[in-house]
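Reviewing the structure listed below.
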Amino acid sequence: MLKRRLLLAGAGIAALAPFFIRGTKPAVADEKFAVTHTDAEWHKLLTSDQYAVLREEGTEYPFSSPLLHEERKGNFACAGCELDAFSSTTKFDSGTGWPSFWAPLDGAVGTTEDRSYGMVRSAVHCSRCGSHLGHVFPDGPKPTGLRYCMNGIAMKFHEVSA
């Protein structure tokens, strides 16, 4: 009985593995951005996990980012180009395991339709370098009703002094 449970659990984990870290071809590949790098340059600038999320539209494991619990005053910036994308004043605990925000900073992000894994979602990317940050869903808190569910590995935190 225990072996059967382990086998089923292993099969379940293996089935979910493609949803985490490794992604697909970026939906914004044909757009032009102010900050651009060759693929080789991106590999030098980013860790392999950052590259998988930012450049290949992967997803980090839930509850794995230190930014999930970041509560200082400041901004969350794109790890690809350091453009401030979200303010700590819009961050909330969505319970999903990823840093969540109810609004981005003006002009900081763009969205594209993501039809991967048999579902339709809105992917969020940096407006300056096109890096994939996460997804936005219509189930967030007021005042926007949106939940920008971001990969912590795709962002850096910039503390703002009081």
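No value in this document is a laboratory result; all are computed from the given coordinates. Just so we're clear, the structure is a prediction, and the values are computed from it rather than from any experiment. All Cβ positions, even for glycine, are placed from backbone atoms using ideal geometry, and neighbour counts span all protein chains on display.
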Calculate the translational D of the stretch 83-162 in whole µm² s⁻¹ from Stokes-Einstein, where the hydrodynamic radius comes from the Kirkwood formula applied to all Cα pairs, the temperature is 25 °C and the viscosity 0.890 mPa s. 189 µm²/s
Could you order the peptides 147-157, 44-54 from most to least packed, using the average number of other C-beta atoms within 10 Å per residue? 147-157, 44-54
Given the pairs LYS32/LYS156; LYS32/LYS91; LYS44/LYS73; LYS91/LYS142, which are separated by over 20 angstrom at their Cα positions? LYS32/LYS156; LYS32/LYS91; LYS44/LYS73
Length gained if GLU70 through THR144 is fully extended, taking 0.36 nm per residue and subtracting the Cα-Cα distance, is 24.5 nm
At a Förster distance of 22 Å, what's the computed FRET efficiency of ASP93 paired with VAL160, Cβ-Cβ distance as r, to 0.05? 0.60
Protection proxy (average C-beta count within 10 Å per residue), highest first, orders 91-102, 31-42, 74-85 as 74-85, 91-102, 31-42
